[in-house]
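> Encoded as C-alpha cells, here's the structure I'll be asking about.
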Amino acid sequence: MATAIRVQPSMPNLLRIALRADGIVEIVFGIIGIVDAELIDTFSKANLGFSLGRPAVVISSAILPLYGVALLWTAARPTISTQQAMIPITINAVSGVITIALLVMGWSKFTNEGRWAIFVLASVGDFAILQAYGLYRQRKLN
C-alpha cells in the first residue's frame, strides 16, 4: 500500500516548491533544446567528438517539457504519494551522480565550456536533495 502525504495544494511546502521548480526548469531546458538543437548538436560534436544529430536533440528535448508538466501536475495534486515523489528524486539523483562522475573522471575531451555545461547539468542533484528533504519533512509531519 502506498503511503500518501495529504497536503493542501495552496499550502506551500518544500516538496511542492521543489517539484514546481524542477518542472519549470525541465520545461525551459526542453524549449531551449528544441529551439537551439543545431547549436547543441555543434556543441556536442566539438566536445564529444561525434554529432548527436539534430533530430535526436529535438526528440530528446521534446521529452523534457512533458516531464516538466507531469512534475507540475504532481505538485498540484492534493495528495502526493511517496512513490510519486520518489520518481523525480531518483531521476535527479541518478542524473546528478552520472554527470558529476563524467566531470570528475574527465571521461571525454570537454572544453572549458563543456565542463561548465556538465556542471550545470549536475546541479539537478540539488533538486533531488530538496525533494528528498521535503518528502522527509512531510512524512515526519504526517
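> Between L14 and M105, what length comes free when the chain is fully extended (0.36 nm per residue of separation minus the Cα-Cα distance, one decimal in nm)?
Working: separation 91, 0.36 × 91 = 32.76 nm, distance 3.28 nm.
Full extension of this stretch gives 29.5 nm more.
> Something else: Report the per residue volume, in Å³, of the convex hull enclosing the C-alpha atoms of the stretch 35-104.
Given the Cα convex hull of the stretch 35-104, per-residue volume reads 95 Å³.
> Which stretch or stretches of the stretch 54-82 have amide N atoms under 19 Å from the point lying 7 Å from I24's Cα along the Cα→Cβ direction?
64-77
Read-outs: derived from the displayed coordinates by stated rules, not from any lab. A quick note: this is a predicted structure, and the numbers were derived from the prediction, not measured. Note: ideal-geometry Cβ built from the backbone for every residue, glycine included; neighbour counts use all protein chains shown.
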